[in-house]
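Working notes, structure below.
The values are calculated or read from the model by the stated rules, or taken from the named source; none is laboratory data. These numbers were taken from a predicted model, which means no experiment stands behind them. FYI the Cβ positions are ideal-geometry reconstructions off the backbone, even for glycines, and counts take in every protein chain you see. Accessible surface is based on the protein model in full, side chains and every heavy atom, while ligands, DNA and RNA are left aside. Shrake-Rupley method; radii C 1.70, N 1.55, O 1.52, S 1.80 Å.
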Amino acid sequence: MTDAVIFDSHAHYDDASFAADRDQLLGDCLQQNVGYIVNVGSNLRSLTWVSYLCETYEHVYGAVGIHPDDTRFLNEVYFQRMRSLCGGEKIVAVGEIGLDYYWNASPKEVQKYWFARQMALAAEQHLPVIIHSREAAQDTFDMIMAAHLPCRGVIHCYSGSVEMALDYVNKGFLIGIGGVLTFKNGRKLKEVAAAVPLEAILLETDCPYLAPAPFRGKRNASGLIRYVAEELARIKQCSYETVLECTCRNAKRLFRIA
Ligand code: NI
């Protein structure tokens, strides 16, 4: 087969759906050709998990951040705790942060306030950002551009237009692509994947969510990125190995992993 390994740039192994077999899954990663995983923070509880998973598994790295849905629970005490966690040796990003107008679980103004604060934290800590944006494409873009982020970042599970994707790439941001690329109704994302250079793409699961076809609706895990990489190779008319090698290199560059 291949020496090229999968870099899963966005996973949530703290999720309860992994309670029964988390150790087995993360222990067996290399057998599934998974070389690197970034476990991404989402709520306050997940931040404790991020530290634990980074300490326990050599190939797991972490991101510290609060998802827009959960920003209503954020306060200064937790924000200071996040700041101290950012100094951790294997913390490679601030995320996932952004805006979610689909669920609107937190009021828009609260989402915007903590999105700006968390971007400022990333800039201060010299870390890239992992961005979540749903039904909020223009506000997200405008706020990111206003933040003047020195270390850039990735637009995770990208769902916007081709034009906006190229705008992000021209500004130095990467586009995160996962299981949606394999969906029958994923045509818009296939167009984005065709237009954006491979050097600006990261692969991701967002597991346990968004498992690729033929596992759509089931629990996702890093090994299933294979199906996303195969689809991307078809779109880019290059080899599967080239897709893995290039996206792994892109992720290592962004997250500064040697
Ligand atoms: Ni996520």
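Summary of values
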| read-out | value |
| --- | --- |
| Backbone HN-Hα couplings from phi across the range 218-228 [Karplus 6.51/-1.76/1.60, Hz, Gly and Pro as x] | 8, 6, 8, 7, 4, x, 6, 4, 3, 5, 5 |
| Heavy atoms of Cys151 accessible to a 1.4 Å probe, total area in Å² rounded to 10 | 30 |
| ³J(HN,Hα), Karplus 6.51/-1.76/1.60, whole Hz, each residue of the range 152-160, x for Gly, Pro | 6, x, 10, 8, 6, 6, 4, 9, x |
| Extended-chain gain in nm, criterion 0.36 nm per residue less alpha-carbon gap, Arg253 and Asn170 | 28.2 nm |
| Per residue value of the accessible surface for the range 6-255 (all protein chains in place, 1.4 Å probe), Å² | 43 |
| Whole-Hz ³J(HN,Hα) from phi, Karplus 6.51 cos²θ - 1.76 cosθ + 1.60, for the range 33-39, glycine and proline x | 6, 9, x, 8, 9, 9, 8 |
| Sparse-neighbour loop sites [chymotrypsin sites (Phe, Trp or Tyr not before Pro); the range 35-86; at most 16 other C-beta within 10 Å; DSSP] | none |
| Residues whose placed amide H lies under 5 Å from that of Val34, excluding near-sequence neighbours | Ile6 |
| Amide H within-cut-off set for His59, under 5 Å, with H built and near neighbours excluded | none |
| Percent carbon-and-sulfur accessible area, the range 6-255, ignoring ligands, DNA and RNA, probe 1.4 Å | 52 |
| Qualifying lysines (Cα of each under 19 Å from Cα of Lys188; at least 8 residues distant if same chain) | Lys236 |
| Stokes-Einstein translational diffusion, the chain - Kirkwood Rh over all Cα pairs, 0.692 mPa s, 37 °C, in µm²/s | 182 |
| In the range 176-258, the trypsin sites (Lys or Arg not before Pro) that fall in loop regions by DSSP, at most 15 other Cβ within 10 Å | Lys184, Arg216, Lys218, Arg219, Arg256 |
| Candidates per GluC sites (Glu not before Pro) in the range 36-143, loop by DSSP, up to 16 other Cβ within 10 Å | Glu58, Glu89, Glu135 |
